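Notes follow the structure.
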């Protein structure tokens, strides 16, 4: 039985059991699941990402012809009816079946028998999701019905299903998981923060098993037009969609909106091993900061994203020279990529030029609040495959973006420890440190 939990200056958690010995609870990833624009299922996603295959294409979810940007990282060939009944689908966002599909795969890959759980086991499992847009597509449709005088078609679940928090509730209900059920919504850093929150709950001894990660499905007319008004999305590659998302390239002109779900199973290591679960990797550290600068623009000095990275490495109890890969936020916007490059140089100094780094958004677009989880999951799969994904569409170097972005072709490389970076609206910055699970 744990008697007390203390947080020391190195920010690692020490727990003192009855025998007086000091231990640190370790948190591993025992399962992963994916529904991505470039692949449904973890194997399809990784093979496409490994090979530099883009999932960006012309929007088919609605008529996008009136919009300046008519392309997105849209998931094709996904059958939500395989996960929910038609009546259920009418009352939820597209995010819900995406999250259920990814969570089901993650639980199966972790060898978790959800249907065979006892009540006590159900209570030991929780859901911590990250989402920026949440139920925004459902909300937009409900408003359309209301303002077009179709009042009788407005859903009886208009209120309950409109809240972002209902996303985790839907997963908890679907899998009958009775532990904590929370949604972290911090813009583009949402799923990085969700994984960080889940990591802390487990290492603090406040939870044992958590379904975490991120989901977003915000490819809607209203949101697309909103980003177009901000001049945030690419509008110059409507005829060549797969060339549109080009992080760090000199000709980048904005991000490509994406969607998807990337789910991880986090557990205390000893319990995962007792279940003979596979171990995809280990979470070592997490941190977040805020520029406190602007709602939609980064502070160009890059100091706070650099501090978030440095604090995550410190939280992991590591030195910066132990990081051998960086998964970048890399949205393909002019300011974001330039500032993230500057922040990375501030964090790592001259060694920034030696570390391979890349942005998988070049292949999946920018799935908003789910983007951090996408980067973490791709990084873990890459660590296990000894292969780092590329940044595709990198054709013309930008003098202000001068690091090794693994251009166009992936890189075979052994990686022990990686940093996953995330930057979001509202001046938010978050970072996670992940590692190969090798008995460290």
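Throughout, read-outs are computed from the coordinates displayed, never taken from laboratory work. Note that the coordinates shown come from a computational prediction; the quantities given were computed from them, not determined experimentally. All Cβ positions, glycine included, derive from the backbone under ideal geometry; neighbour counts span all protein chains shown.
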Of all DSSP beta bridges with both partners in region 27-274, the antiparallel percent, nearest 5, is 65 percent
For region 58-100, list residues with backbone N below 18 Å from a point placed 7 Å from the Cα of residue 239 toward its Cβ? 58-59, 65-72
Taking every alpha carbon pair in region 50-115 and sorting the distances into 5 angstrom bins from 0 up to the bin holding the longest one, the percent per bin comes out as 3, 13, 17, 17, 19, 15, 8, 4, 2, 1
Seen from all sides and averaged, what is the projected area of the convex hull of the Cα atoms in region 301-440, in nm²? 7.8 nm²
Counting DSSP beta bridges with both ends in region 286-435, the antiparallel % (nearest 5): 75 percent
At 7 Å along Cα-to-Cβ for each site, give me the label-to-label distance between residue 61 and residue 140 in nm. 0.6 nm
Mean residue ellipticity (222 nm) of the chain, computed from DSSP H runs ≥ 4 via -39,500 (n - 2.57), nearest 500: -9000 deg cm²/dmol
Evaluate 2.2 N^0.38 Å with N set to the residue count of region 235-391, then give the Cα radius of gyration divided by it. 1.11
Radius of gyration and Dmax for region 27-274's Cα atoms, expressed in Å? 18.7, 58
Per 10 Å bin, what is the whole-percent P(r) computed from every C-alpha pair distance within region 201-308? 11, 25, 30, 22, 11, 1
Taking 0.36 nm per residue of separation and subtracting the Cα-Cα distance, what length does fully extending residue 24 through residue 150 add? 39.6 nm
Of the beta bridges DSSP finds with both residues in the chain, what % are antiparallel, to the nearest 5? 75 percent
Can you tell me the length gained on complete extension of the stretch residue 414 to residue 334, counting 0.36 nm per residue apart and subtracting the Cα distance? 25.7 nm
Averaged over all viewing directions, the convex hull of the alpha carbons in region 247-297 casts a projected area in nm² of 6.8 nm²
Ranked on Cβ counts within 10 Å of their own Cβ, fewest leading, 114, 215 go 114, 215
Please report the equivalent ellipsoid semi-axes of the chain, computed as sqrt(5 x eigenvalue) of the Cα gyration tensor, largest first, in whole Å. 31, 29, 19
